[in-house]
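Okay, so here's the structure we're looking at.
The values are calculated or read from the model by the stated rules, or taken from the named source; none is laboratory data. This one's a predicted model, so the numbers in the text were calculated from it and none came from an experiment. Glycine gets a Cβ as well: all are built from the backbone with ideal geometry, and neighbour counts include every protein chain shown.
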Amino acid sequence: MTIGSMLYEGKAKKVFATDKPDQVVQYFKDDATAFNAQKRGTILEKGVINNKISERLFVLLEQAGVPTHFIKRLSDRELLTKKVAIVPVEVVVRNVVAGSLAKRLGLKEGDPIEPAIVEWYYKNDGLGDPLIADEHIRLMQLATPEQMAEIKRLALKVNGVLQPFFRERQMILVDFKLEFGLHNGQLILADEISPDPCRFWDQTTKESMDKDRFRKDLGKIEEAYQEVLKRVCG
């Protein structure tokens with residue numbers, strides 16, 4: 001396989017073409033951003049950690065019947081994936097009140113959400129990825145109602161697989177962001193699953209084990225990422 005030119009560079013990854021038109025390579029960077037990239041920094045070895053965690057979780061989800069873009073891990077920082085047309089709607093699944101949900105609605109952080117709720121955000125950096133409703137998605141023709149119903153079904157299935165997985169590892173899956181894309185007309189899970197788009201708390205101490213440590217200047221950021229890698233990959 002030949003890796004070609006860079007197709008896209010985002011906040012956390014670079015995407016490269018390959019000699020197969022329906023496959024790309026994702027390269028995971030150590031760059032860290034928060035608050036719509038207003039805060040920037042570096043988390044040492046973050047790219048390596050997120051790459052390995054994503055591989056483990058994509059394999060787990062594939063085994064559970066969730067279609068993903070994952071093909072194989074090429075190196076410490078590279079994943080070979082199917083090329084997708086990303087649906088410009090970010091999906092957030094929430095199991096515990098935290099982050100923006102607590103601020104927006106005045107709810108107590110840490111309260112459980114049963115059953116889990118699903119939120120939509122318009123994937124647009126220039127607008128700050130705003131929270132949107134089904135009607136907005138239809139208005140802007142971001143996806144069809146049938147596609148959004150399938151995305152919601154798959155997102156909740158992902159939650160159903162990941163919650164017990166992390167519980168067994170003494171972790172609380174507080175909330176997480178997913179992205180989906182179209183590959184040969186099929187909706188599949190894309191992007192990454194790692195401490196960047198997920199919020200993890202230690203089951204006993206309730207301490208943050210994710211990018212909130214960077215957002216809130218809590219310190220021990222690299223240690224938290226390494227601990228998640230240890231628990232997820234053994």
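Looking only at residues of the stretch 1-20 that are among the charged types (D, E, K, R) and in contact with a helix residue (DSSP H, G or I) (Cβ under 9 Å, 6 or more places away or on another chain), we find that the one that is surrounded by the fewest Cβ atoms within 10 Å (Cβ to Cβ) is K11.
Looking across the stretch 176-234, the residues that are surrounded by 19 or more Cβ atoms within 10 Å (Cβ to Cβ), small (G, A, S) and farther than 29 Å from V84 by Cβ come down to S208, A224. Restricting attention to the stretch 77-106, the residues being assigned to a helix (DSSP H, G or I) and either among the aliphatic types (A, V, I, L, M) or touching a residue at least 40 places away in the same chain (Cβ under 8 Å) (or both) number 4.
Let's see how each residue does on (1) among the polar types (S, T, N, Q); (2) in contact with a Phe, Trp or Tyr (Cβ under 8 Å, 6 or more places away or on another chain); (3) closer than 19 Å to V92 by Cα; (4) outside the structural domain of G65 (by TED's automatic domain parsing):
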site	(1), (2), (3), (4)
A149	no, no, yes, yes
P164	no, no, yes, yes
L173	no, yes, yes, yes
C198	no, yes, yes, yes
T205	yes, no, no, yes
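Taking residues in the stretch 54-76 that are outside the structural domain of F176 (by TED's automatic domain parsing) and of a type in the set (G, A, S), and partners anywhere that are buried (at least 18 other Cβ atoms within 10 Å of the Cβ) and not in a helix (DSSP H, G or I), the pairs with Cβ atoms closer than 7 Å and at least 6 places apart or on different chains are S54/L79; S54/E192; S54/I193; S54/S194. Residue check: is E150 modelled with pLDDT of 95 or more and either of a type in the set (V, I, T) or not in a helix (DSSP H, G or I) (or both)? For E150, the condition - modelled with pLDDT of 95 or more and either of a type in the set (V, I, T) or not in a helix (DSSP H, G or I) (or both) - is not met.
Would you tally the residues in the stretch 107-139 being part of a strand (DSSP E or B) and touching a Phe, Trp or Tyr at 6+ places or on another chain (Cβ under 9 Å)?
2
Applying a threshold of 6 Å to beta carbon distances and a minimum spacing of six or more residues, or different chains, the list of pairs starting in the stretch 117-128 at a residue that is at positive phi and ending at one that is assigned to a loop (DSSP other than H, G, I, E, B) reads G128/N36. Checking the stretch 161-175 against the condition returns a match, with at least one residue being farther than 16 Å from T68 by Cα, in contact with a Leu (Cβ under 8 Å, 6 or more places away or on another chain), of a type in the set (F, W, Y) and assigned to a helix (DSSP H, G or I). The residue that is surrounded by the fewest Cβ atoms within 10 Å (Cβ to Cβ), counting only those in the stretch 21-76 that are of a type in the set (F, W, Y) and outside any strand (DSSP E or B), is F35. Scanning the stretch 157-193 for residues that are of a type in the set (A, V, I, L, M) and over 16 Å from L60 (Cα atoms) gives M171, I172, V174, L182, L187. For the stretch 179-226, the set of residues classified as touching a strand residue (DSSP E or B) at 6+ places or on another chain (Cβ under 9 Å), of a type outside the set (F, W, Y) and assigned to a helix (DSSP H, G or I) consists of D212, R215, I221, A224, listed by residue number.
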